[in-house]
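Worksheet: one structure, shown below.
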Amino acid sequence: MLEEEFGKLLLRVQQRNCEEQTLEVKAANKGCPERLYDTFSAFANQNEGGMLLFGLDEKQGFAKVGVYDAQDLQKKLMEVGESMTPVVRPVLSVYVEGAMLFVAAEIPPLDLAERPCFKTARGRLKGSFIRVGDADKPMTEYEVYSYEAYRKRSRDDLRPVEGISLSALDPVQLEQYLLKRKLDRPNFASVPTEQLYELTGLQKEGQFTLTAVLLFGLYPQAYFPQLSIIASRVPGTEMGEVDETGQRFLDSKRIEGSLVEMLEGAVSFLRSNMRMAVRIDPKTGKRQDMPEYPLDALREAVLNALVHRDYSTHTENMPIQLIMFYDRVEIRNPGGLYGRLTVDQLGKIQPDTRNPAVITAMEALGQTENRYSGIPRIRRAMAEAGLPEPVFRDDRWEFSVCLYNKEAAEQPPERKPALSAEKLPLDDRGLLNFCRTPRTRKEIVRFLGIASGQYATRRYLEPLVKSGMILMTLPDRPKSPKQTYQTNPDIR
């Protein structure tokens, strides 16, 4: 790091008066901090890496205190890196200001195939950490597993299911499927049935696999009760709200069966619970029923949840959730995006595939194209219907898609802010109501519940501030540590 950059970094930390997702501050004026491996691990395990900055004291409002001995501190930081698996090589910089010395340790991100990075002496389960806001938190067993599953290319869709015999499968559906595979690949025609089971992922080592149970089981939930869809329609915009009669759910259903049956059942639930708008064609005078959401977008979202969810033993007790709110539909499936794929890359690049046997079988059954066109189709269908862009969210333990309706795109007149802006940002996280009382940036990040404070403020707070819907209480000092944010009083 250049000296000029180092000086600006110190000033920025003091102005913001906080640590960040990629920045940890340590005093180190009385010696090397005893526990640094958790931050080394957390920074190495996130895509952006991170930096430890030594010489500022958080307890004194990030005052400059310098470090005790820059040479010895750098030596100890290298020793911490050597104690990690894989070994972490921090990039060290020293900055001089008057009689004080400051040290920065930049922790590079590990390649996904090498994660998780952990304290060797504590082991992978107890020594792996993840960054959450400005804190280092121990990884859950599932978070550790998700990295290992990618590194080892684990195939949970091919795991054998004990106690399953041919009598537990639908013979007609199974025979039709094998016939289709033979038609697709003529060389399969002479292959014995038992071998064909192995080649298509329906059996492994003589036992039927999870793929076979999910696709052709007479009742898969007899063996995996929670591999289902919990579908609900609620009266408000948040779970727990009730209607005028005190009901929390206007409709609720557990959707079970094979993957194809669950797909059909979920689409049927959505169709029956959707509101319909009536439109008169000005040219023909004929009535047209306009669905609340485009059905093909809903179908693709449900299909993606079914074929891309995590089917490991860690998540087999977690059903897919389908929730219809007043202003949106949310579909949440266990397991975040697989491999190197990020939300920004959805529909733009060919992703790693978590359940290739399931997806290949669904393609053969005509349920999916397996051409990575699902996300583009969702986006296009929503745009063609004049609805907001779909919102995709990813955590390592859950992925969700949120489709907003016209209630969200066009707020009722009594709820519209009395501002002149033509296009106002959505407030889908309820910040306007939260900020009726002045709030600090830290309070807002905590309320949003998003690990990355920078992303949270950029995605949700800053658009509202720019539109004038939320005001800074110290507008002439936007970076003041005493800055708070309050909802524009003109908004009712």
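Throughout, read-outs are computed from the coordinates displayed, never taken from laboratory work. These numbers come from a predicted model, not from an experiment. Reconstructed Cβ throughout: ideal geometry from the backbone, glycine too, with neighbour counts over all protein chains shown.
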For the Ala135, Asn187 Cβ pair and Förster radius 60 Å, calculated FRET efficiency rounded to 0.05 is 0.60
I'm spelling it out carefully: the read-out is Rg and Dmax of the Cα atoms in Å, the candidates are [x] 24.1, 81; [y] 26.9, 84; [z] 26.0, 88, and one was derived from this structure. Which label?
[y]
Distant alpha-carbon pairs in segment 167-282 (separation over 21 angstrom), percent
56 percent
Which of Leu10, Leu214, Leu259 has the fewest other C-beta atoms within 10 Å, and how do the rest follow up to the most?
Leu10, Leu259, Leu214
Between Gln71 and Arg254, with labels modelled 7 Å along Cα→Cβ, what's the label distance in nm to one decimal, could you check?
6.9 nm
For every helix of n ≥ 4 consecutive DSSP H residues, a contribution of -39,500 (n - 2.57) applies; sum these over the chain, divide by its total residues, and give [θ] at 222 nm rounded to the nearest 500 deg cm²/dmol.
-9000 deg cm²/dmol
Could you work out the relative contact order of segment 229-409, using alpha carbon pairs under 8 angstrom and six or more residues apart, expressed as a whole percent?
22 percent
In segment 101-154, which trypsin sites (Lys or Arg not before Pro) are in a loop and have at most 10 other Cβ atoms within 10 Å, using DSSP for the loop call?
Lys152, Arg153
Ranked on Cβ counts within 10 Å of their own Cβ, fewest leading, Thr440, Thr245 go Thr245, Thr440
Lysine pairs in segment 3-139 with Cα atoms under 17 Å, if 8 or more residues apart or on separate chains:
12
With the 8 Å Cα cutoff and a minimum separation of six or more residues, segment 3-139 has a relative contact order in percent of 30 percent
Quote the relative contact order of the chain in percent (integer), defining contacts as alpha-carbon pairs under 8 Å separated by 6+ residues.
11 percent
Based on the Cβ-Cβ distance from Met100 to Ser480, what FRET efficiency comes out when R0 is 22 Å, to the nearest 0.05?
0.35
With a cut-off of 14 Å, note down the residues of segment 105-133 whose backbone N falls inside the zone around a label point 7 Å from the Cα of Val87 toward its beta carbon.
120
For segment 229-409, count all C-alpha to C-alpha pairs, find those more than 25 Å apart, and express that count as a whole percent of the total.
35 percent
